[in-house]
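Below is one structure, written out as structure tokens; the observations come after it.
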């Protein structure tokens, strides 16, 4: 059960309009706008239940043992593997990406832009093949359906009958990997 105890947090100022909470490596980060006065303790109190629930989930999944690759794929091997998966799944999704990008991402395994570009986290190189395949297929489904709605889930379930199970595995792997490797530095300079 999630506890009601307050957890420590770090405050960062960024060029954003609205505040937000992040749990990137299992630690709470409160991100606030550069401009204006902001009552961080009040914001934390407002979202305390969400914070406790998220913290509980992270600790639960962080305790699960995951099997990382004995030898990580290098960037060329990862790109080749992703290209093979994309080629194999174009028929199922009905769409091919315009471009595929591999780079270190701060908070996700992959993304799909409105320009139909797929971007994949270079940390995929540490995952087992089946999870890399899932992430690539998941992002390819976004080429057809942007939001995680019923239509998106129907496309995803053409290949994965239990996507929730895959997402839980990815959650465990995220914390197993990111607690070992420091997060990449932001490209933007902080004015804090």
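Structural remarks
- Comparing 163, 97, 41 in a Gaussian network model of the chain (Cα springs below 10 Å), the most mobile by mean-square fluctuation is 41.
- Per the Debye calculation on region 75-178 with a single equal scatterer at every Cα and no solvent contribution, log₁₀ I(q)/I(0) for q = 0.21 Å⁻¹ amounts to -1.17.
- The convex hull defined by the C-alpha atoms of region 9-62 has an orientation-averaged projected area of 3.7 nm².
- Here the average projected area of the convex hull drawn through the C-alpha atoms of the chain stands at 12.6 nm².
- Folded to 0 to 90 degrees: helix 75-93 orientation relative to the chain principal axis, Cα: 70 degrees
- Where only alpha carbons of region 27-98 are counted, the Rg and the Dmax (Å): 20.9, 52
- Choice from 94, 36, 150 with maximal GNM fluctuation in the chain (Cα, 10 Å cutoff): 36
- Secondary structure note: in region 9-62, about 40% of the DSSP beta bridges are antiparallel.
- Calculated [222 nm] ellipticity per residue, helices only, for the chain: -13500 deg cm²/dmol; basis is -39500 (n - 2.57) per DSSP H run with n ≥ 4, divided by all residues, nearest 500.
- Each listed q (0.12, 0.21, 0.24, 0.30 Å⁻¹) maps to a log10 I(q)/I(0) for region 89-149 from the Debye sum over equal C-alpha point scatterers, namely -0.26, -0.80, -1.03, -1.37.
- Additional length obtainable on full extension of the chain from residue 168 to residue 17, 0.36 nm per residue less Cα span: 51.3 nm
Read-outs throughout are calculated quantities, based only on the coordinates presented, and are distinct from any laboratory measurement. Just so we're clear, the structure is a prediction, and the values are computed from it rather than from any experiment.
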